[in-house]
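Asks: Before anything else, here's the structure in question.
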Amino acid sequence: MVTAIVTILMFLVMVSLHEFGHFIVGRLLKFNILEYSIGFGPAILKSKKTKTQYSLRVIPFGGYCKFDGEDGGSDDPGAFYKQAVWKRFLVVMAGGVFNVILGFVLFLFIVPMNSPVATNVVESVVEHSYLEQSGVLPGDKIVEINGHNISFYDDITLYKQDFSKGSDVELKVKRGEETLTFNTRATEQVIVQSITENGIDIATSINGYDSVEHYDYTEDMPKDESTIGQVSTYTNYLIGFKPVMEDINFGNVWREAWNETRFVVKLVYQSLWQMITGKIGVDQMSGPVGIVSEVNTAVNSGENSFMYVLNLIALLTINLGVFNLLPIPALDGGRLFFMLIEMIRRKPIPPEKEGMVHAIGMMLLFGLIIFVSFNDIMRLFGR
């Protein structure tokens, strides 16, 4: 029951805020908005002010914002397609942007709970490691890995996903006023974890050690586990340093929340690129069933369940916002793509042709949702 309530509220907040983004920017730009609704189906409450009806509806899975003339056929000066293309562009983009803003606001609450947080400054270097041999010293600030800019700690964990055993790593560090380049090598780390039914780690083996106490902390400890009641093996690749930890206060919480938001955005794009290049398969995606499973894990994770739920919402809302802005037909990003073409051509694509593209895109998206939901169900049954 708790999982169901949290799931409903989560989707309600994410989708309603997405639609509120469209709504508030449309109002500011003088669009004629027929209705802003929270929920779907028959209305429980209605209130009409000026030309806009505000509704609360019985099915609490999101909502919608209905613009006058959104599909043409309106003579009202405030109709959607009578507005300048740059105004329409801002209105359509606002939904995804508001989702990302929600993620940032949630991280403002999450980050202090995780204090202190790791930075990209080296506190100590592992003895006899490749990194020590390369010449990196405590106090060095890592600013680049293999050509990727590093501006905060999570960038390091993101770009280490491209490592393999013994792979060469080029590091650039800031030492005082100098930027220095070092060549090192990744080291393999195997982590085996057994998870109890309530999400508490009961046994950890790291490269043969029996428990985490035997392991000198590095940047590679997993932050979150979703496998319950099973033994899982993880392979990480170490650079070989312990990061400087920084306490969170009012002055730096904004920066760190922004860093976490940027990290999730980068992670979405990297995951998409890995799918395009075949490094990960579509079968590794999760759909609605997988999300409900993750919510169930979060709400049953003991005393930290509230933080886990907040973190999950932050991750999902940013994912929703970024994915929705991709240039895929039927999504807001697909509509933005057609608007960009309109800006270049100085005239819109014929509505019937654009509508056909979006209809095909919608069918493909539904097919993808069915596919990933089937995979989610199979994973739940251990197949």
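The values are calculated or read from the model by the stated rules, or taken from the named source; none is laboratory data. Note that the structure is predicted; figures quoted are calculated from it, not measured. Cβ atoms come from the backbone with ideal geometry, glycine included; neighbour counts cover every protein chain shown. These area figures cover heavy atoms from the full protein model, side chains too; ligands, DNA and RNA do not enter into them. Shrake-Rupley method; radii C 1.70, N 1.55, O 1.52, S 1.80 Å.
Asks: What number of residues in region 100-153 are assigned to a helix (DSSP H, G or I), closer than 18 Å to Pro243 by Cβ and within 19 Å of the chain's Cα centre (by Cα)?
Replies: 2
Asks: Ile328 is checked against (1) in a helix (DSSP H, G or I); (2) surrounded by 15 or more Cβ atoms within 10 Å (Cβ to Cβ) and fails just one. What number does that condition carry?
Replies: Failing condition for Ile328: (1).
Asks: Within region 78-136, how many residues turn out to be in contact with a Pro (Cβ under 9 Å, 6 or more places away or on another chain), under 30 Å from Tyr64 (Cα atoms) and open to solvent by 40 Å² or more (accessible area, probe 1.4 Å)?
Replies: 1
Asks: Then there is this: Limited to region 274-333, what total is found for residues that are at pLDDT 75 or above, over 16 Å from Met10 (Cα atoms) and β-branched (Val, Ile, Thr)?
Replies: 4
Asks: Still on this structure, I have one more. Suppose we filter Asp140, Asp76 for residues that are acidic (Asp, Glu), out of contact with any Gly (no Cβ under 6 Å at 6 or more places or on another chain) and either at pLDDT 90 or above or closer than 30 Å to Gln270 by Cα (or both); which single one remains?
Replies: Asp140
Asks: Suppose we filter Glu127, Glu132 for residues that are of a type in the set (Asp, Glu) and touching a residue at least 24 places away in the same chain (Cβ under 8 Å); which single one remains?
Replies: Numbers: Glu127 fails: touching a residue at least 24 places away in the same chain (Cβ under 8 Å).
When all the criteria are applied, what remains is Glu132.
Asks: Evaluate region 352-370: report whether one residue or more is open to solvent by less than 40 Å² (accessible area, probe 1.4 Å), within 27 Å of Leu106 (Cβ to Cβ) and in a helix (DSSP H, G or I).
Replies: yes
Asks: Could you say whether any residue in region 19-31 is without any contact (Cβ under 8 Å) to a residue 40 or more places away in the chain and either out of contact with any Cys (no Cβ under 7 Å at 6 or more places or on another chain) or open to solvent by 20 Å² or more (accessible area, probe 1.4 Å) (or both)?
Replies: First, pick out the residues of region 19-31 that are without any contact (Cβ under 8 Å) to a residue 40 or more places away in the chain: 27-28.
Keeping just the survivors that are either out of contact with any Cys (no Cβ under 7 Å at 6 or more places or on another chain) or open to solvent by 20 Å² or more (accessible area, probe 1.4 Å) (or both) gives 27-28.
Checking region 19-31: at least one residue is without any contact (Cβ under 8 Å) to a residue 40 or more places away in the chain and either out of contact with any Cys (no Cβ under 7 Å at 6 or more places or on another chain) or open to solvent by 20 Å² or more (accessible area, probe 1.4 Å) (or both).
Asks: Now, a different point. Can you find even one residue in region 47-64 that is open to solvent by 10 Å² or more (accessible area, probe 1.4 Å), touching a helix residue (DSSP H, G or I) at 6+ places or on another chain (Cβ under 7 Å), part of a strand (DSSP E or B) and among the small types (Gly, Ala, Ser)?
Replies: Checked region 47-64: no residue is open to solvent by 10 Å² or more (accessible area, probe 1.4 Å), touching a helix residue (DSSP H, G or I) at 6+ places or on another chain (Cβ under 7 Å), part of a strand (DSSP E or B) and among the small types (Gly, Ala, Ser).
Asks: Of everything in region 30-52, what is over 18 Å from Ser74 (Cα atoms) and of a type outside the set (D, E, K, R)? Give them in sequence order.
Replies: Tyr36, Ser37, Ile38, Gly39, Phe40, Gly41, Pro42, Ala43, Ile44, Leu45, Ser47, listed by residue number.
Asks: Still on this structure, I have one more. Give me a count of the residues in region 290-317 that are open to solvent by 50 Å² or more (accessible area, probe 1.4 Å), in a helix (DSSP H, G or I) and touching a residue at least 40 places away in the same chain (Cβ under 8 Å).
Replies: Counting residues in region 290-317 that are open to solvent by 50 Å² or more (accessible area, probe 1.4 Å), in a helix (DSSP H, G or I) and touching a residue at least 40 places away in the same chain (Cβ under 8 Å) gives 5.
Asks: Restricted to region 32-46, and to residues that are hydrophobic (A, V, I, L, M, F, W, C) and over 27 Å from Gly333 (Cβ atoms), which residue is least open to solvent (accessible area, probe 1.4 Å)?
Replies: For region 32-46, the residue satisfying everything is Ala43.
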